[in-house]
1. Given the structure, is residue 75 at pLDDT 90 or above and either among the aromatic types (Phe, Trp, Tyr) or part of a loop (DSSP other than H, G, I, E, B) (or both)?
2. Going through the range 13-35 one residue at a time, which ones are more than 16 Å from residue 82 (Cα to Cα) and among the hydrophobic types (A, V, I, L, M, F, W, C)?
3. Test residue 21 against the stated conditions and say whether it is surrounded by 11 or more Cβ atoms within 10 Å (Cβ to Cβ), of a type in the set (Val, Ile, Thr) and closer than 30 Å to residue 2 by Cα.
4. Take residue 80 and decide whether it is under 17 Å from the mean Cα position of the chain (by Cα) and surrounded by 14 or more Cβ atoms within 10 Å (Cβ to Cβ).
5. Of all the residues that make up the range 11-32, how many are touching a Leu at 6+ places or on another chain (Cβ under 8 Å) and at pLDDT below 95?
6. Could you tell me how many of the residues in the range 41-57 are polar (S, T, N, Q) and within 19 Å of residue 28 (Cα to Cα)?
7. In the range 39-71, how many residues are among the polar types (S, T, N, Q) and surrounded by 12 or more Cβ atoms within 10 Å (Cβ to Cβ)?
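The values are calculated or read from the model by the stated rules, or taken from the named source; none is laboratory data. Everything numeric here is computed off the predicted structure, so don't read it as measured data. Cβ coordinates were reconstructed from backbone atoms using ideal geometry, including for glycine residues, and neighbour counts include every protein chain displayed.
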Amino acid sequence: MLSKAEMNERDFQKLLQIALTDLGLRQTMLENEVSSVNEEMRSLEKDDKLDKLDMQIRAVRQDYEHYHQFVNSNFKLDVADQYRES
């Protein structure tokens, strides 16, 4: 296993962008589930499920904010671009 010290800045920034993209998608999926729960579930079930979803959303946001602190704003990378077909 390689250590972070062996990772160059470009790879580190790319890893951060991938992680932030993943966290953003997770947050969106959880928020969509909140909307679905609000539309479909009864009161007691809904409150419990919404509390659990809210805790998950807060954890994702906290991780996002933490890792976002390490992003170099001068480093430009479109993570999805390199995986597109030419």
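1. Values: at pLDDT 90 or above: no; either among the aromatic types (Phe, Trp, Tyr) or part of a loop (DSSP other than H, G, I, E, B) (or both): yes.
No; evaluated as a whole, the condition is false for this residue.
2. 20, 23, 25, 29, 30, 34
3. Working: surrounded by 11 or more Cβ atoms within 10 Å (Cβ to Cβ): yes; of a type in the set (Val, Ile, Thr): yes; closer than 30 Å to residue 2 by Cα: yes.
Answer is yes for this residue.
4. No.
5. First, pick out the residues of the range 11-32 that are touching a Leu at 6+ places or on another chain (Cβ under 8 Å): 13-14, 17, 30.
Now restrict to residues that are at pLDDT below 95: 13-14, 17.
Summing the residues that are touching a Leu at 6+ places or on another chain (Cβ under 8 Å) and at pLDDT below 95 in the range 11-32 gives 3.
6. If we filter the range 41-57 for residues that are polar (S, T, N, Q), which is where we start, we get 43, 56.
Among the residues that remain, those that are also within 19 Å of residue 28 (Cα to Cα) are: 56.
So the count comes out to 1.
7. In the first step, residues of the range 39-71 are kept if they are among the polar types (S, T, N, Q); the result is 43, 56, 62, 69.
Going one step further and asking which of them are surrounded by 12 or more Cβ atoms within 10 Å (Cβ to Cβ), we end up with 56.
Total satisfying the criteria: 1.
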